[in-house]
Structure formats: structure tokens, C-alpha cells
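To keep things clear, I will list the structure first and then write my remarks on it.
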Amino acid sequence: MGSITTLRRLAAILTDALDSVDSVYQKAGLNFPSLDEPFDPKNEAEALRQDKAITAAVNNIMAVTAQISATVCDPMRLAVNTSNAMHISSCLNAASELNVVEILREAGPKGASTKDIAAPSQSNPGLVERILRLLATHHIFREVSPGVFANNRVSSTLDKGKPSSVIFANREDRLTGSNGIAALVEHTAELCGKSSVFLADSMLKPSDKLPFNLAYRVDEPMFLWMQDPKNRSQVSRFAVAMQGTGATEPPDTIFKGFDWSLITDNGLIVDVGGGIGHSSLTIAKKFPSLRIINQDLGPALEISKRYWKEHFPEHLESQMAQFQVHDFFTPQPVKDAAVFMLRYILHDWPDKTVHNILCHLRDAALPTTKLIVIEKIQPFASLEEGAGSRTENIPGAARPTAEPPLLPNWGAATADLYLYDMTMHVMLGGVERTLEAFYDIFLESGWKLVEVHHCSGSQLSHLIALPV
Ligand SMILES: C[S@@+](CC[C@H](N)C(=O)[O-])C[C@H]1O[C@@H](n2cnc3c(N)ncnc32)[C@H](O)[C@@H]1O
């Protein structure tokens with residue numbers, strides 16, 4: 001297909017998708033949320049974005065616009081701009097660290113001057129202005145008039161939800177109780193950003209060191225490094241950041257996969273590497289007859305206990321929720337689990353390590369114990385034909401692909417998955433696996449993949465396996 005024909009085809013997909021969004025919103029009597037207004041999770045117009053027709057149209061719009069832009073842009077400019085993209089990440093991190101979003105929330109739609117934004121952190125107003133202008137140019141913040149900035153829909157998602165005076169007075173505690181997006185952004189931009197620049201070095205001079213270990217000049221894996229008392233602030237930020245991964249999903253995503261009502265009353269869910277335990281807490285709130293054991297390393301569990309005490313104290317008092325310090329590289333102590341749930345665990349680790357984790361769970365499993373792995377499954381950027389005959393008959397495994405000339409995986413609309421794949425690699429040697437890779441590693445570790453549920457409105461899937 002010639003370029004102009006391709007561009008016209010892409011434009012037609014865009015028009016169809018916009019018509020579809022327009023029709024759903026018109027029918028509901030609502031406007032699609034504006035980029036200029038702060039994000040309001042309680043707005044009905046936000047909830048409507050979960051409508052199936054809207055999620056499909058949004059994927060097409062994101063994929064089309066990025067593909068049109070890549071087609072028409074000077075290719076050298078695109079390549080060089082991509083090599084400079086780390087500045088977007090660093091600027092966003094700086095804005096979050098300087099609590100700009102909270103200052104601008106208090107300033108309202110008229111915004112604040114960079115002098116006023118920079119004053120509480122005693123930073124350089126000229127530099128703050130350039131940082132915010134770079135971000136505004138990428139549709140994060142809005143330059144209302146020269147040198148005056150306001151929040152927009154994207155920047156406001158980083159709001160830590162407290163008065164700026166409180167977070168400036170208590171820096172240690174500024175992320176606690178937030179929706180987790182600022183924590184996720186800061187963790188990613190700082191730790192992953194510093195590590196990622198060592199990717200090529202780690203490949204050209206192969207050693208047993210990952211980019212994280214080269215960047216931070218340490219030998220232990222990131223999670224062990226975080227246990228060092230001098231890195232404790234990393235543990236608490238990471239725990240809140242993991243909550244942020246939940247906030248980027250529709251709130252009921254955990255119920256869009258495996259049917260938790262299938263577990264009989266008093267059945268035990270072990271949340272392996274559960275972190276703060278927000279997913280198991282959400283399940284237990286809906287199905288209070290289920291018992292939960294949240295397992296993690298000590299410092300993470302301390303944070304989890306506080307979180308449960310605040311959000312579901314009844315389950316603690318009745319001892320239906322318990323906490324167990326457990327290293328998942330050692331034999332699993334719980335022998336009567338209905339479910340071993342692992343959300344965002346396996347993608348942290350390379351195959352050899354995942355094999356070790358899964359074998360310990362297999363050794364402790366009853367014949368009826370289900371392994372429920374909650375992860376993103378990596379699609380190919382090409383058509384999947386013939387990719388995995390061993391997985392094609394697994395119920396729920398099949399997934400649609402985008403119509404040509406879009407990339408089959410919807411390109412930019414699914415970019416987060418491929419970005420996370422590199423994050424996992426540079427930090428821990430982990431990987432976002434293809435379905436076939438999950439199937440193989442499960443089988444090698446004594447588990448058979450029997451069902452897959454792709455959670456609608458989310459990139460997450462639930463992979464259900466039984467002991468072989
Ligand atoms: C990516 S987070 C996922 C947390 C949680 N499952 C969620 O979805 O929010 C990985 C978790 O694994 C925990 N972890 C890392 N190494 C561990 C180990 N050896 N044993 C148990 N937990 C570990 C970390 O403390 C962290 O809470």
C-alpha cells in the first residue's frame with residue numbers, strides 16, 4: 001500500500017473511532033473529558049470510558065494518531081527526539097518531587113507563576129518554567145499564559161491529595177494515602193530511569209550485572225537492596241507505587257478475570273508477594289467468607305498491616321486476614337491453599353528464578369489448588385499466526401488483533417506493556433512473557449495452564465493453572 005493510501009486508510013479508521021466515541025457520549029448526554037480540566041475519577045464521563053465501544057475506539061485512535069505521526073514526521077527528527085525522551089521522564093519526576101501538582105491544585109484554573117511554583121522548594125524559577133513548558137508541550141500541565149501554569153487532566157493524576165503545606169512540612173510522608181500515581185512515576189523515573197541508560201553497556205560488555213546493578217554499583221537484586229535500612233523510603237514508595245498500578249486500571253479489574261465466587265466459603269487465598277495487599281483486600285471485601293494470607297518480606301508487610309487496618313479492620317479482627325513474612329525462594333509453608341495468587345510477581349524475575357518460585361508453590365499445592373497469575377501477556381508486534389499451537393486451544397486465550405494497516409498489537413495504544421518489559425529487565429532481569437512462555441515455564445514447574453481471562457478495559461490477564 002502506498003503511503004498516501006495508508007494514511008487515508010488510517011484517517012478513515014480515526015473518523016470511524018471518533019464517530020463511535022461521539023455517539024456513545026451523545027447517547028449518555030455527557031461530554032468526553034477535556035484535556036484542559038483536572039482529572040476527576042468520580043466524573044460519570046470518566047466511568048463511561050470503560051464502555052467496550054469506547055475502549056475499542058480509544059485504542060484505534062491512539063494507534064492511528066501515533067502511526068500517522070511516525071509516517072509523516074522527518075525520520076531523523078523522530079529518531080533523535082526518541083533518544084531525548086528521557087528528559088520527559090526526568091522533568092515529570094522533578095515536577096512530582098517539587099509538589100508542583102498540589103501547588104497548582106490550590107491555584108485553580110488560572111494557574112500560578114513559576115516564581116510562586118518554585119518558592120516553596122526554593123528552586124530556580126527559570127528552570128521550573130522550562131521543565132513545565134517541556135511537559136506542557138507533551139500535554140502534561142497547561143501554560144495558561146507565558147510563564148503561568150495550571151494542572152490539566154494528565155498532570156492532576158499525580159496529585160498526592162494533601163495540602164501542599166502538609167507535604168512540604170513532612171516530606172517523608174508525602175506519598176502515603178495518595179492514589180499511588182506520583183509514587184509510581186517517581187519510582188519509575190528515578191530508579192528505572194537511572195538504570196535504563198546502562199542497557200547497551202550491559203549488553204556490550206556482558207557480565208552477571210544488570211543495568212540496575214551497574215547504575216547503582218551494587219551486587220544484590222533491587223528488592224534486597226531496598227531492604228537495607230538506608231533505602232527504607234524506597235520500600236514505602238514502592239508499596240504505594242504498586243497501589244498506583246491498581247489506580248491505572250479500572251477499579252473492578254480484579255473481578256474481570258477469574259470468578260472468585262468459585263472458591264468455597266472459608267477457602268484460603270495466599271497472596272504471594274502481596275505487597276500492600278490491595279488486590280486480596282478488594283477480593284475479601286466482596287467475598288468476606290474467604291481467608292487471606294498476605295506473604296511478603298518484612299518491611300512490605302508492616303506497610304500492608306497498616307493498610308488493612310485502615311481499609312478492612314473487620315477482616316483482621318476476625319483473623320480472616322493474616323500476614324506472614326515469607327521469602328518465596330524458600331519452601332512454601334501454607335499447605336491448604338485454595339489459590340496461590342501472584343500479581344505482578346513473575347514478570348520481576350528471569351525464567352530460572354520463576355521456576356524456583358513456582359516449584360515451591362507446586363510442592364505445597366493440594367491437587368485442587370489453583371495457581372492464579374495476574375500479569376500482562378506480551379503480544380507480538382506482528383500477526384501471531386502459528387506462534388503457539390500448544391496454547392491455541394486454551395479456553396479464553398485467543399485475543400483480537402487490530403485491523404490493517406494498524407500494527408496487530410495496536411502499537412502505541414499498548415506501549416505500556418513493552419515499556420514495562422524493559423523496566424523489568426533493567427531492574428531485575430525480569431520479562432513480560434508471551435503466552436507461550438508462560439505455558440512452558442508453568443509446565444516445567446509442575447503446573448498446567450488451563451484457562452486464560454483477559455480483563456476487559458485493562459492489559460492484565462488472569463492465567464489459571466492446576467498442578468500436573
Ligand atoms: C511488583 S510487586 C507486586 C506486589 C503485589 N503483588 C501487587 O500486585 O501490588 C513485587 C512484590 O514482591 C515482593 N518480593 C520481592 N522479593 C520477594 C521474596 N524473595 N519473597 C517474597 N516477596 C518478595 C516485593 O516486596 C513486592 O511487594
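Using 0.36 nm per residue and subtracting the Cα-Cα separation, the extra length available between Asp327 and Ala415 on full extension is 28.5 nm. Going by a ≥ b ≥ c, the root eigenvalues of the Cα gyration tensor, does the range 390-468 fall in the rounded group (a/c under 1.5), the prolate group (a/b larger than b/c) or the oblate group? It comes out oblate by the Cα gyration axes.
Between Ser382 and Ala85, residue separation times 0.36 nm minus the direct Cα-Cα distance comes to 104.4 nm.
Among the chymotrypsin sites (Phe, Trp or Tyr not before Pro) in the range 307-355, those placed in a DSSP loop whose Cβ has at most 10 other Cβ atoms within 10 Å are Phe329.
Note on the chain: with charges restricted to the Cβ of Lys and Arg (+1) and Asp and Glu (-1), its dipole about the Cα centre is near 540 debye. Accessible area per residue for the range 248-317, computed on protein heavy atoms with a 1.4 Å probe, is 43 Å².
Protein heavy-atom accessible surface, 1.4 Å probe, per residue over the range 1-140: 60 Å². On a C-alpha basis, how far is the centre of the range 68-112 from the centre of the range 299-371 in Å? Whole number, if you could? About 38 Å separates the Cα centre of the range 68-112 from the one of the range 299-371.
Solvent-accessible area assigned to carbon and sulfur over the range 124-224 amounts to 60 percent, based on a 1.4 Å probe. The largest-to-smallest principal axis extents of the Cα set in the range 67-162 are 42, 25, 24 Å. Looking at Gly108, Pro38, Cys91, which one has the Cα that reaches farthest to the positive end of the dipole of the range 36-132 (charges on Cβ: Lys, Arg +1; Asp, Glu -1)? It is Cys91. Candidates Thr414, Leu449, Leu435 compared by Cα position along the dipole of the range 401-468: farthest toward the positive end lies Leu449, with charges placed on Cβ.
Looking at the square roots a ≥ b ≥ c of the eigenvalues of the Cα gyration tensor of the range 1-142, which shape do they give, rounded for a/c under 1.5, prolate if a/b is larger than b/c, or oblate? Oblate, since a/c reaches 1.5 and b/c is not below a/b.
Restricting the range 51-157 to trypsin sites (Lys or Arg not before Pro) that sit in a DSSP loop and have at most 13 other Cβ atoms within 10 Å of their own Cβ leaves Lys110.
Bridge orientation summary for the chain: considering DSSP beta bridges with both residues in this region, about 50 percent are antiparallel. Taking the 1.4 Å solvent-accessible surface of the range 315-448 as the whole, the part contributed by carbon and sulfur is 57%. Per-residue accessible area (protein heavy atoms, 1.4 Å probe) orders Leu407, Leu419, Leu297, Leu346 as Leu419, Leu407, Leu297, Leu346, starting from the largest.
Among the trypsin sites (Lys or Arg not before Pro) found in the range 211-277, those both in a DSSP coil and sparsely packed, with 16 or fewer other Cβ atoms within 10 Å of their Cβ, are Arg217. Its Cα gyration tensor gives the range 188-230 an equivalent ellipsoid. The semi-axes, each the square root of 5 times an eigenvalue, are 19, 13, 6 Å from largest down. With a cut-off of 13 Å between beta carbons, the residues surrounding Thr15 carry a summed charge of -1, where Lys and Arg count +1 and Asp and Glu -1. Normalised Debye scattering of the chain at q = 0.07, 0.08, 0.12 Å⁻¹ gives log10 I(q)/I(0) of -0.39, -0.52, -1.25, counting only Cα atoms as equal scatterers and leaving out solvent.
Per residue, the Cα convex hull of the range 251-340 amounts to 92 Å³. Is the range 217-373 rounded, prolate or oblate when judged by the Cα gyration tensor, a ≥ b ≥ c being the square roots of its eigenvalues, rounded requiring a/c under 1.5 and prolate requiring a/b larger than b/c? Oblate is the answer for the range 217-373, as a/c is 1.5 or above yet b/c matches or exceeds a/b. Accessible surface computed residue by residue for the range 177-216, with neighbouring protein chains in place and a 1.4 Å probe, gives 48 Å² per residue.
The values are calculated or read from the model by the stated rules, or taken from the named source; none is laboratory data. Bear in mind that the values here come from a model prediction, so they are computed numbers and not experimental data. Glycine gets a Cβ as well: all are built from the backbone with ideal geometry, and neighbour counts include every protein chain shown. Note: areas computed on protein heavy atoms with side chains; ligands, DNA, RNA excluded. Shrake-Rupley method; radii C 1.70, N 1.55, O 1.52, S 1.80 Å.
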